[in-house]
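As structure tokens, the structure follows; a few thoughts come after it.
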Amino acid sequence: MRFTSEQRLDDGVLEREFTLGDIPGILWTSGSAPAPLILIGHNGGLHKRESRLVARARHYAARYGHAVAAIDHPGHGDRPRSAAGEQARADLRRAMAAGEPVDGILESFVAPLVDTAVPEWRTTLDALLSLPEIGGPVGYSGMTAVGIRLAAAEPRISAAGFFAGGYVPRAQREEARQVTVPVLFLLQWDDEGNDRQRALDLFDAFGTEEKTLHANMGGHAGTPWFEVDDGARFFARHLK
């Protein structure tokens, strides 16, 4: 891991950009070390500096003293786009404009992303836990499809917060039964791009004995800010 920039923000959070091989990322830290760690993952197509993601990361770090890390998934953010990924995006835009079914397109796009992103998250986790300012335990907050695979496969994940606004491939819907850590699941009731019943079925499938569903009225990008603070308290309870 090589740090490429560093700045102290006005809320006291130290923000450092890093590279790990081909993986670009950002680490936010504040408070005493060693700190618990939250891996914060964006949905497909977004950037590690997406404004809502950065706001959550800084809140977790500034108010609760967590270390928070984000990386760009393959083909997203600052990373090169693949021809297959660009074709899938074009096909998705065309199908949505025509009112055609999009599940098959999303399956072909999101499933390979999970297969490549999760190993990169585990490599990043290895590097982050070697830093003296980070001591674990570890939580995950973000993209549901990636988070399910990571929480099921990675024993160092102690709690997971998922956003029910992205497509979850069939394999991850089955893998949800293997998720046994505490789960906080956020659902926008009127999300125009998310099948509500499918999201409720996914919540029911999680194998953990401790799972909480928060449902709010509104569309895809309308998650209220108080859910960020509720999420921070959720991680504060479980990352001790």
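Values quoted throughout were computed directly from the atomic coordinates according to the rules given, and no laboratory measurement underlies them. Bear in mind that the values here come from a model prediction, so they are computed numbers and not experimental data. Note that each Cβ is placed from the backbone with ideal geometry, even for glycine, and that neighbours are counted across all protein chains shown.
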Worksheet item: How much length is gained if the chain between SER82 and ASP201 is pulled fully straight, taking 0.36 nm per residue apart and subtracting their Cα-Cα distance, in nm to one decimal?
Response: 39.6 nm
Discussion item. How would region 169-240 be classified by its alpha-carbon gyration tensor: rounded, prolate or oblate, with rounded meaning a/c under 1.5 and the a/b versus b/c comparison settling the rest?
Written reply: oblate
Discussion item. Over the chain, with a Gaussian network built from C-alpha contacts below 10 Å, which listed residue (HIS66, HIS214, HIS42) shows the highest mean-square fluctuation?
Written reply: HIS214
Worksheet item: Can you list the HN-Hα couplings for region 10-22, worked out from phi with the Karplus curve (6.51, -1.76, 1.60; θ = phi - 60°), rounded to whole Hz and with x for Gly and Pro?
Response: 6, 8, x, 7, 8, 10, 10, 7, 9, 10, 9, x, 8
Item to complete: Could you list the square roots of 5 times each eigenvalue of the Cα gyration tensor of region 198-237, that is, the equivalent ellipsoid semi-axes, sorted largest first and rounded to whole Å?
Response: 19, 17, 6
Worksheet item: So, how do all the Cα-to-Cα distances of region 115-156 break down into 5 Å bins, in percent, from 0 on up?
Response: 5, 22, 34, 23, 12, 4, 0
Worksheet item: For region 106-126 and region 1-62, what is the separation of their C-alpha centers, rounded to whole Å?
Response: 19
Worksheet item: How far apart, in nm, are the 7 Å Cα→Cβ label points at ALA215 and GLU107?
Response: 2.6
Fill in: Ranking of TYR167, TYR64 by count of other Cβ atoms within 10 Å, fewest first
TYR64, TYR167
Worksheet entry | Per-selection Rg to Rh, region 118-240 - Cα, Kirkwood hydrodynamic radius | 0.97
Item to complete: Apply 1/(1 + (r/R0)^6) to the Cβ-Cβ distance of ARG16 and ARG156, taking R0 = 22 Å, and write down the FRET efficiency to the nearest 0.05.
Response: 0.55
Worksheet item: When a footprinting reagent is the concern and you count Cβ atoms within 10 Å, what order do LEU106, LEU239 take, fewest first?
Response: LEU239, LEU106
Worksheet entry | Cα gyration tensor of the chain - equivalent ellipsoid semi-axes, whole Å, descending | 27, 21, 17
Worksheet entry | Per-pair calculated FRET efficiency, R0 = 51 Å: ARG233 and ARG89 via Cβ, rounded to 0.05 | 0.90
Discussion item. Classify region 1-65 from the C-alpha gyration tensor, please: rounded if a/c falls under 1.5, else prolate or oblate depending on whether a/b exceeds b/c.
Written reply: oblate
Worksheet, complete the sentence: Taking r as the C-beta separation of GLU6 and GLU192 and R0 as 45 Å, the FRET efficiency to the nearest 0.05 is 0.70
